[in-house]
Structures are given as C-alpha cells and as structure tokens.
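Asker: I have a structure I would like to understand better, so I am pasting it below and will then ask my questions one at a time.
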C-alpha cells in the first residue's frame, strides 16, 4: 500500500468521525474502497494494524449502514467484506442523521414561543424536508446523464 493510499484511509477515518461514527469504521471503509476484491477480517485487521474484534464490529456497522456487504466463503466459516460503490447508500446513511435533525427542528417548532423563532424553525424544517425529498430525484437525473454520455 502506498503512502497516499494510507493517507486516504486515515483521512476517511477522520472524516467519518464528523458523522458521529468511529474512526475505525471510516478506516475500514477507505481500505475496502481501494480494494478490488473482498477482504477477510484477518486481512483488514493485519493491514490496518487493529484488533480483529474491533475490525469485526466496525465491518458489521459498515454493512448495517449500507456502505459495505458481507459474503460467506463457500466451504468456510470466514466472512468477506466489500465496499458498495453506491452514492445512494452514502446518502441514505447521511439522511438518517438528517431525519433526526428534522425531527428535532419540528420538535423545537412545536415548543418555541409564538413569534419569529417559531416561524424560522418551521421554515428550516420545511426546507430540510424538501431537500431530503429532492435527493433521490437528483441522483436519478445524474445517473441518466451518465448513461447518456456512454
């Protein structure tokens, strides 16, 4: 692995902490994105110099987030993990956090005193809701544009 690849893995790990996820999850995701074939927990743990138990927890969280998938190896109990190259999965993971924010904004709008603050909370919530509904349509349009180029 090159120094630039290691830096990408570390940077993605650090970035994932801004999502409220463990750095390990981002590091494993970065590693899997750079691989062209699935990786075992042993390979992940050895390459990233981490405990296999930590790699196992983080890899399973990536699967739960929809950023990776696991597959069993025929004739073996070993599980292999591979990144999913899907913007939809990434947006779905981020949208889960945005939906929580939307719920909090709606909650604030219900309990805020009458006046400009309440109105602003309603407007913020409405705008965020509109944004979340537009996301899938924007992705569909981008995919169509890509297909028309090829």
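Asker: Among (1) within 30 Å of residue 119 (Cα to Cα); (2) surrounded by 14 or more Cβ atoms within 10 Å (Cβ to Cβ), which single condition is residue 69 missing?
Answerer: (1)
Asker: Can you find a residue that is free of Cβ contacts under 8 Å to residues at least 12 places away in the same chain, surrounded by 15 or more Cβ atoms within 10 Å (Cβ to Cβ), in contact with a helix residue (DSSP H, G or I) (Cβ under 9 Å, 6 or more places away or on another chain) and assigned to a helix (DSSP H, G or I) anywhere in the stretch 111-132?
Answerer: Yes: the stretch 111-132 contains one or more residues that are free of Cβ contacts under 8 Å to residues at least 12 places away in the same chain, surrounded by 15 or more Cβ atoms within 10 Å (Cβ to Cβ), in contact with a helix residue (DSSP H, G or I) (Cβ under 9 Å, 6 or more places away or on another chain) and assigned to a helix (DSSP H, G or I).
Asker: In the stretch 47-100, what count of residues is obtained for those that are part of a helix (DSSP H, G or I), closer than 20 Å to residue 5 by Cα and over 10 Å from the mean Cα position of the chain (by Cα)? Let's see the steps before the verdict.
Answerer: Just the residues of the stretch 47-100 that are part of a helix (DSSP H, G or I), to begin with: 47-48, 52-65, 87-100.
If we keep only those that are closer than 20 Å to residue 5 by Cα too, we end up with 47-48, 55, 58-59, 62.
Retained after the next criterion (residues that are over 10 Å from the mean Cα position of the chain (by Cα)): 47-48, 55, 58-59.
The total comes to 5.
Asker: I'd like to check something: does the stretch 37-60 contain any residue that is out of contact with any strand residue (DSSP E or B) (no Cβ under 6 Å at 6 or more places or on another chain), surrounded by fewer than 14 Cβ atoms within 10 Å (Cβ to Cβ) and closer than 30 Å to residue 138 by Cβ?
Answerer: For the stretch 37-60, residues out of contact with any strand residue (DSSP E or B) (no Cβ under 6 Å at 6 or more places or on another chain), surrounded by fewer than 14 Cβ atoms within 10 Å (Cβ to Cβ) and closer than 30 Å to residue 138 by Cβ: absent.
Asker: Let me ask something else about it. Could you figure out which of (1) modelled with pLDDT of 85 or more; (2) loosely packed, with under 12 Cβ neighbours inside 10 Å; (3) within 29 Å of residue 36 (Cβ to Cβ) isn't true of residue 150?
Answerer: Here residue 150 clears every test but (1).
Asker: Tell me, which residue of the stretch 74-95 that is touching a residue at least 12 places away in the same chain (Cβ under 8 Å) and farther than 29 Å from residue 135 by Cβ is surrounded by the fewest Cβ atoms within 10 Å (Cβ to Cβ)? Walk me through it before giving the result.
Answerer: Initial filter on the stretch 74-95 (touching a residue at least 12 places away in the same chain (Cβ under 8 Å)): 78-95.
Those left that are additionally farther than 29 Å from residue 135 by Cβ: 78-80.
Values: 78: 11, 79: 16, 80: 18.
So, considering only residues that are touching a residue at least 12 places away in the same chain (Cβ under 8 Å) and farther than 29 Å from residue 135 by Cβ, the one surrounded by the fewest Cβ atoms within 10 Å (Cβ to Cβ) is 78.
Asker: Can you find even one residue in the stretch 18-27 that is modelled with pLDDT under 95 and farther than 17 Å from residue 68 by Cα?
Answerer: Yes, that holds for at least one residue.
Asker: Condition (residue is touching a helix residue (DSSP H, G or I) at 6+ places or on another chain (Cβ under 7 Å), in the same structural domain as residue 32 (by TED's automatic domain parsing) and at positive phi) applied to the stretch 71-84: is it met by at least one residue?
Answerer: No, because not a single residue in the stretch 71-84 is touching a helix residue (DSSP H, G or I) at 6+ places or on another chain (Cβ under 7 Å), in the same structural domain as residue 32 (by TED's automatic domain parsing) and at positive phi.
The values are calculated or read from the model by the stated rules, or taken from the named source; none is laboratory data. These numbers come from a predicted model, not from an experiment. Positions of Cβ are generated from backbone atoms using ideal geometry, with glycine treated the same way; all protein chains shown enter the neighbour counts.
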